[in-house]
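For reference, the structure discussed in these notes is given below.
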Amino acid sequence: MKRLLLLISLAIIAFQGNSQNEIDALRYSLVNPSGTARFVSTGGAFGALGGDFSTLSVNPAGIAVYRGSEFTITPNLNFTRVQSDFMGTREEDIQYDFALGNIGLVFAFNDPNELKESGWMGFQLGFGLNQLANFNSRRIYEGFNTESSLMSVFLEKANAETNFNSSMPPESFLDDFTTGLAWDVWLLGLDSIANTYFIDMPNNVLQRRLTTTSGSIRELTMSMGANYSNRLYLGATIGIPFLRYNEEYTFTEENSQGLDTELNSLEFGETLQTTGNGFNFKFGAIFRATDMIRLGAAVHTPTFYNLEDSWRTHMKSDLASFGRRDKRSPRQLFEYELNTPLRMIGSLGLVFGTAGLVSIDYEYADFTQMRLRSSSDPFSIENRSIKNDFQQQHNLRIGGEYRFNPIVVRGGFAMNSNPYKSEITSLEKTTISAGIGIRERNYFVDFGYFITQYSEEFFQYYSFNRTRTTPVEYDFTRQGFMMTVGFRF
């Protein structure tokens, strides 16, 4: 009886035996704080300025600039458009989401001696949430592949994991989440004489994949700051990030040209949910060298995450002789730790009296320092890949605002360099932002907009000898609108 094989996205990017890998470590280490509309519309370049709640997650010395107490809240609307190019076929999809960019409360306790001109002028406390990452997207690709099929990787995996010399049935060695499913739905055949599995349709198939992701990283910040002689501003933040990531994808192959008499179509899908939290510390300082020049510096310790993955897979077959079959794997849980890289930020701000300001932030992070850990898995291969595949990232943020009291207009630009060593895979990002606000004595309303663009190469699968196939080219465009309402008291 002839049986066929469905190959899934195996190895490093799409699927790696349902294991945690260097791609997961990078995903949760790449953070771009959003927060208030003022912060976003000036490119996030507030490290030397302060006086905005979002700076508590960037340079906590910014809290020491506050002279009065303040409450802020920022709802926002984001949408992500993803264009794909695979085997000469272009597709496009879009995902909308509503989110809370920030909610925060700052209390300023000034020295009761209002005539005091030097020494410690008071201290500040701040509590709230800032959004650090947004994972919402929906992407699809489709193309007729004459070069390869996902089935070939599954075949290699099945032959590699089976001990044909054992007294146990060969299929008992197959993985419950991958090759075992293929066997159960009659997509994987066994030649018991030659002791090898076999497949049909190694190429010339119509391939399609739909992936939907959602979730975010939101950081609970607890900050304290102090102001010395209105010259030196110091601050520290305890950050507790809460991480939630959901991914669901469905991959299909179709015998669209009728080149095989048995196979009609194959489907493989996976659902993944990652949840957890961590902690980090941030320390910063701002020095007002002159009335115009402000210098800022901040250090972020690694974030120490405790995460849990929950996932399951499913597989379907549609065969001419045997009809349709469907099989689901058991649900798997795995707990592990992730350490993100240390970050260092240097900032320069120029304040032109009450007319406006310009600010520049430079941020450095070494992604070779990410680490995965678990009591049940040393993650030796994954941590070695982290050191070999990634590099230092250099981020530049520039922003400014001009005041037409009570109206304020703002603009910004940000650029993130590629965290990968190889130019084959690049995650260089550029962001342009703008905004407008109304600032009164006891309240303010700010509006902001940003657009971020970047490209990504996605490899459906790797063969066991690490040979790459033709990649999918993804072009991402993420845009967001936000409004911050604040009250001073």
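The values are calculated or read from the model by the stated rules, or taken from the named source; none is laboratory data. Everything numeric here is computed off the predicted structure, so don't read it as measured data. All Cβ positions, glycine included, derive from the backbone under ideal geometry; neighbour counts span all protein chains shown.
Residues are listed down the side, and each one gets a yes or a no for (1) assigned to a strand (DSSP E or B); (2) more than 26 Å from Lys327 (Cα to Cα); (3) modelled with pLDDT under 95:
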{"position": "Arg208", "(1), (2), (3)": "yes, no, no"}
{"position": "Ser214", "(1), (2), (3)": "yes, no, no"}
{"position": "Tyr233", "(1), (2), (3)": "yes, yes, no"}
{"position": "Thr237", "(1), (2), (3)": "yes, yes, no"}
{"position": "Tyr245", "(1), (2), (3)": "yes, no, no"}
{"position": "Phe251", "(1), (2), (3)": "yes, no, no"}
{"position": "Gly258", "(1), (2), (3)": "no, no, yes"}
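Given the conditions (1) in contact (Cβ under 8 Å) with a residue 24 or more places away in the chain; (2) surrounded by fewer than 16 Cβ atoms within 10 Å (Cβ to Cβ); (3) among the acidic types (Asp, Glu); (4) in contact with a strand residue (DSSP E or B) (Cβ under 6 Å, 6 or more places away or on another chain), and given that Glu117 satisfies all but one, which numbered condition is not satisfied? Glu117 satisfies every listed condition except (4).
Within the stretch 278-293, residues that are farther than 30 Å from Ala25 by Cα sit with their Cβ atoms under 9 Å from residues that are buried (at least 16 other Cβ atoms within 10 Å of the Cβ) and hydroxyl-bearing (Ser, Thr, Tyr), at 6+ positions apart or across chains, in these pairs: Ile286/Tyr233; Ile286/Ser347; Phe287/Tyr233; Arg288/Tyr233. The residue of the stretch 103-128 that is farthest from Tyr474 (Cα to Cα), among those that are modelled with pLDDT under 95 and among the polar types (S, T, N, Q), is Asn113. Scanning the stretch 49-98 for residues that are without any contact (Cβ under 8 Å) to a residue 60 or more places away in the chain and outside any strand (DSSP E or B) turns up Gly51, Asp52, Thr55, Arg67, Gly88.
For the stretch 316-330, indicate whether the set of residues that are over 30 Å from Val205 (Cα atoms), in a strand (DSSP E or B) and polar (S, T, N, Q) is non-empty.
Let us first name the residues in the stretch 316-330 that are over 30 Å from Val205 (Cα atoms), namely none.
No, the stretch 316-330 contains no residue that is over 30 Å from Val205 (Cα atoms), in a strand (DSSP E or B) and polar (S, T, N, Q).
Per the listing Ile360, Ile381, Ile398, the residue uniquely out of contact with any Pro (no Cβ under 7 Å at 6 or more places or on another chain) and within 15 Å of Gln20 (Cβ to Cβ) is Ile381.
Which of the residues spanning the stretch 425-440 are under 30 Å from Glu22 (Cα atoms) and in contact (Cβ under 8 Å) with a residue 24 or more places away in the chain?
First, the residues of the stretch 425-440 that are under 30 Å from Glu22 (Cα atoms): 425-432.
Within the stretch 425-440, Thr425, Ser426, Leu427, Glu428, Lys429, Thr430, Thr431 qualify.
Can you find a residue in the stretch 282-303 that is surrounded by 19 or more Cβ atoms within 10 Å (Cβ to Cβ), of a type in the set (D, E, K, R) and in contact with a Gly (Cβ under 8 Å, 6 or more places away or on another chain)? The answer is yes, given that some residue of the stretch 282-303 is surrounded by 19 or more Cβ atoms within 10 Å (Cβ to Cβ), of a type in the set (D, E, K, R) and in contact with a Gly (Cβ under 8 Å, 6 or more places away or on another chain). Condition first: in contact (Cβ under 8 Å) with a residue 40 or more places away in the chain and either among the aliphatic types (A, V, I, L, M) or not in a strand (DSSP E or B) (or both). Can you find one or more residues in the stretch 191-198 that meet it? No. None of Ser426, Ser385, Ser422, Ser359 is of a type outside the set (Phe, Trp, Tyr), surrounded by fewer than 15 Cβ atoms within 10 Å (Cβ to Cβ) and either touching a Gly at 6+ places or on another chain (Cβ under 8 Å) or not in a strand (DSSP E or B) (or both) except Ser422.
Checking the condition at pLDDT 95 or above, out of contact with any helix residue (DSSP H, G or I) (no Cβ under 7 Å at 6 or more places or on another chain) and among the charged types (D, E, K, R), which residue from Arg397, Arg371 passes?
Working: Arg371 fails: out of contact with any helix residue (DSSP H, G or I) (no Cβ under 7 Å at 6 or more places or on another chain).
One residue alone meets the criteria, Arg397.
For the subset of the stretch 254-274 comprising residues that are among the acidic types (Asp, Glu) and under 28 Å from the mean Cα position of the chain (by Cα), which member is farthest from Ile217 (Cα to Cα)? Only one residue tops the list, namely Glu267.
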